[in-house]
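Undergrad: Input: one structure, supplied below.
The values are calculated or read from the model by the stated rules, or taken from the named source; none is laboratory data. Everything numeric in this text was worked out from a predicted model, so none of it was measured. Backbone-built Cβ (ideal geometry, glycine too); neighbour counts: all protein chains shown. Quick note on the areas: whole protein, heavy atoms, side chains included, nothing else; ligands and nucleic acids left out. Shrake-Rupley method; radii C 1.70, N 1.55, O 1.52, S 1.80 Å.
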Amino acid sequence: GSGGFHPLGVSLATGKRVLIADPFSKDVREVDPSLIMRQRSAAIAKSLDAESFGIIVSSKPGQYRMELARELKELAEEKGKTAYILILDLITPDQMLQFKVDAFVSTACPRLAVDEVGRFSAPMLTPQEFEIVLGKREWEDMVFDEIRGD
């Protein structure tokens, strides 16, 4: 394929060497998860002092994870944080400017946090990274967020 998102997920999940064979550019390259892991580390670090969180739920079929969003909101409130559930169809950096929170948590497509890193007005976390911020999960227990069809 032409993108790096799914090969990155495979690399992180398996710890194995993964190659991307791009049929459009005729390029073959190895996935290097170290840059993404540094970016994810930075997003977590920027969120450690956050007091308010916008938990994003996509209204798109296959990405609507309201139950997860409610669980994350409850966890935040147990830790004395403020959390808002934000239901949106289109999730872009410009669209998110209207929400004044210290950090976002995406229960929508995991690509938001990975592919759009640094483009939002506040750090964008995955649910697992949010658990690290709140002290429920250790960094060593970090896993790549996946939306699974049941």
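Undergrad: Can you find, within region 120-130, the residue that is modelled with the highest pLDDT among those that are within 21 Å of GLN63 (Cα to Cα) and assigned to a loop (DSSP other than H, G, I, E, B)?
TA: Among residues in region 120-130 that are within 21 Å of GLN63 (Cα to Cα) and assigned to a loop (DSSP other than H, G, I, E, B), the one modelled with the highest pLDDT is PRO123.
Undergrad: Here is a list: VAL114, VAL133. Which entry is surrounded by 19 or more Cβ atoms within 10 Å (Cβ to Cβ), within 26 Å of GLY4 (Cβ to Cβ), within 14 Å of the chain's Cα centre (by Cα) and modelled with pLDDT of 95 or more?
TA: VAL133
Undergrad: How many residues are part of a strand (DSSP E or B) and without any contact (Cβ under 8 Å) to a residue 24 or more places away in the chain when one looks only at region 1-59?
TA: Of the residues in region 1-59, 8 are part of a strand (DSSP E or B) and without any contact (Cβ under 8 Å) to a residue 24 or more places away in the chain.
Undergrad: Name the residues in region 57-87 that are surrounded by 16 or more Cβ atoms within 10 Å (Cβ to Cβ) and aliphatic (A, V, I, L, M), would you?
TA: If the condition is that a residue be surrounded by 16 or more Cβ atoms within 10 Å (Cβ to Cβ) and aliphatic (A, V, I, L, M), then VAL57, LEU68, ALA69, LEU72, LEU75, ALA76, ALA83, ILE85, LEU86 are the ones that fit.
Undergrad: Right, another one. Right, ARG17: open to solvent by 80 Å² or more (accessible area, probe 1.4 Å), more than 17 Å from the chain's Cα centre (by Cα), over 13 Å from ALA103 (Cβ atoms) and not small (Gly, Ala, Ser) or not?
TA: yes
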